[in-house]
Structure formats: structure tokens, C-alpha cells
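The values are calculated or read from the model by the stated rules, or taken from the named source; none is laboratory data. Given the structure is predicted, the values throughout are model-derived calculations rather than measurements. FYI the Cβ positions are ideal-geometry reconstructions off the backbone, even for glycines, and counts take in every protein chain you see.
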Amino acid sequence: MKTILLAGFCFLFVLVEAGNSQNIPGTELYLGSTLMSRGPNTSQLFSVNGAADFNRNQWFGIRGDVGAHIGEVYAEKSLGTLLAGPVFSVRSVSGLRPFGHALIGGAVSGCADSSPCQTGFALAHAFGGGVDVQPWKRRIAVRVSADALTTRFHGQNQHFTRVSFGVAFPLGSRS
């Protein structure tokens, strides 16, 4: 077990060091489609998701994340999220960028009709990660990510699995 952990640490160290010599984008903008689910027997939400990463160095940045999710959410019709937090990346020379993030912020959910449900604002957080694949000379990247999103409406927690697929556009450079 110790050998596997040591080998994994060495592999991660080599990837980080390989990325030290390259320029990194100062900002990355992301636009994608998201599929959210509360479980196998629940309705799914189709949505749009956007994010902006502000990279401080090759492994650390700050992410702002906005989502508009359409479908059933806790007996309501839509869910909007606004989250922010740190993102940790491993930049490699192969064009792959795995990352992890811990985001916190708010969610708003509203009704589409005049039923007794009410528009509500709740605390939300998402923990997860993904990978960027940059096959076109770092002008555009394809991103796949997944995270666990939790909201708290009406005194109860709602847990979602959020899977996103889209494109990221690196802007500027930071040496």
C-alpha cells in the first residue's frame, strides 16, 4: 500500500513539475450543459452552466460558477445557483488538466404556477472535479466534470449529482 501511495505521489509531482515551465492562462471561461439528478427514480434537470476561473498559478485558482437548472426541484420548477471557491489543477504537457473544486454560495428555486410552493433562497455547496482536454493547441478545451451539489430548502437538505460537459476558453497568459 505504501508503494502505491509513493508511486502516486511521485507521478503527481512529475506532472506538476512538467507544468511549471509552461505559460498558463490568466482566465478560463467555461460554458456547458449540465445534467442533474437526485437519484435513479427522480426526474432529471437539464440546464446550462457557466464558470470563470481566475488562475493565480499553475495549480491554484478561484472559480465563479453560475447555473440555471430547469425541471423538478423539491416540488418546484427551477433552480439557479451562484457558487464560488478554490479550484486545484494539475497541468501536464499532454494537454490534460485534471482539477478539483470546493464551491459554496447560494441557490434560488421558484414556482412556475400559483400553487402553494414559494420561491426560496438557500445555502448551496458543490464538491467535485473533472478534466479539461486541450487538443487544439490550447485555444479551446473540452471539459467534463462531476460534483455533488447540496442545497437546503424548507429545512431539509437536497442532494444532487451534477454532471457537466462543455467547452472552456483560455484567455491571456500568466507566466
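At pLDDT 90 or above and assigned to a strand (DSSP E or B): is that true of residue 123 in this structure? Lay out the reasoning, then the answer.
Details: at pLDDT 90 or above: yes; assigned to a strand (DSSP E or B): yes.
Spelling it out, residue 123 is indeed at pLDDT 90 or above and assigned to a strand (DSSP E or B).
Would you point out the residue of segment 135-169, among those that are touching a strand residue (DSSP E or B) at 6+ places or on another chain (Cβ under 9 Å) and among the small types (Gly, Ala, Ser), that is surrounded by the fewest Cβ atoms within 10 Å (Cβ to Cβ)?
148
Which numbered condition trips up residue 131, out of (1) outside any loop (DSSP other than H, G, I, E, B); (2) in contact (Cβ under 8 Å) with a residue 40 or more places away in the chain; (3) within 21 Å of residue 90 (Cβ to Cβ); (4) not polar (S, T, N, Q)?
If we test residue 131 against (1) outside any loop (DSSP other than H, G, I, E, B); (2) in contact (Cβ under 8 Å) with a residue 40 or more places away in the chain; (3) within 21 Å of residue 90 (Cβ to Cβ); (4) not polar (S, T, N, Q), just (2) comes out false.
Quick one: what pairs do we get from segment 33-56, first residue over 16 Å from residue 167 (Cβ atoms), second charged (D, E, K, R) and modelled with pLDDT under 85, C-beta under 7 Å, 6+ apart or different chains?
43/72; 55/174
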